[in-house]
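Below you'll find the structure, written out as structure tokens, and then a few comments.
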Amino acid sequence: MGFIVKLLLTGIAAFLAAYILPGVEIDGFLTALILAVVLALLNAVVRPLLVILTIPVTILTLGLFLLVINALIILLADYLIAGFVVDGFIWALLFSLVLSVITAILDLIF
């Protein structure tokens, strides 16, 4: 049950983040929920592989390269989901940051 609530909160956060950022578009709330599921799957499968492959760069940048990995995950979700559009890498980076902040706030509230 907690996983479903987390997906709903992430969907709401994605919808709000897309509303805030002009370079990101989500067609509707259903697309935001699909985005939440796809991001959960990508973060469970692809992200660990990318983190392991980029350990030297991550150490050299003191962990800041993880932000690049987050942006790449967002761009991959953009490629996979038809109703989700990100205009470029910078918007994906900003979207991942705003999504993280909104999700943290919603987790504190609920």
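Compute the angle between helix 89-109 and the longest alpha-carbon principal axis of the chain, please, reported from 0 to 90 degrees and rounded to the nearest 10.
60
Got the relative contact order for the range 6-110 handy, in percent, Cα pairs under 8 Å and 6 or more residues apart? Display every interim value, and only then the final one.
Details: 115 pairs, mean separation 39.6, N = 105.
Once normalised by length, the contact order is 38 percent.
Calculate how steeply helix 65-80 sits against the longest principal axis of the alpha-carbon atoms of the chain, using the helix alpha-carbon long axis, and give the answer as 0 to 90 degrees to the nearest 10.
50
Round to a whole number: what % of the accessible area of the chain belongs to carbon and sulfur, probe 1.4 Å? Spell out each step's value before the answer.
On the way: 5220 of 6560 Å².
The value for the chain is 80 percent carbon and sulfur by accessible area.
Based on the Cβ-Cβ distance of Leu66 and Ile90, what FRET efficiency does E = 1/(1 + (r/R0)^6) give at R0 = 25 Å, to the nearest 0.05?
0.90
How far apart, in nm, are two points set 7 Å out from the Cα along the Cα-to-Cβ line at Asp107 and at Leu49?
About 2.5 nm separates the two model spin labels.
Ignoring ligands, DNA and RNA, what accessible area per residue does the chain give at 1.4 Å, in Å²? Mind showing how you got there, number by number?
Values: 6560 Å² over 110 residues.
Solvent-accessible surface per residue comes out at 60 Å².
So for each of 69-75, 42-48 I average, over its residues, the number of other beta carbons within 10 Å; can you give me the resulting order with the highest mean first?
Sorting 69-75, 42-48 by mean packing, highest first, produces 69-75, 42-48.
The values are calculated or read from the model by the stated rules, or taken from the named source; none is laboratory data. Keep in mind that this is a model prediction, so the values were computed, not measured. Cβ: placed from backbone, ideal geometry, glycine included. Neighbour counts: every protein chain shown. The area values use the complete protein model at the heavy-atom level, side chains included, leaving out ligands, DNA and RNA. Shrake-Rupley method; radii C 1.70, N 1.55, O 1.52, S 1.80 Å.
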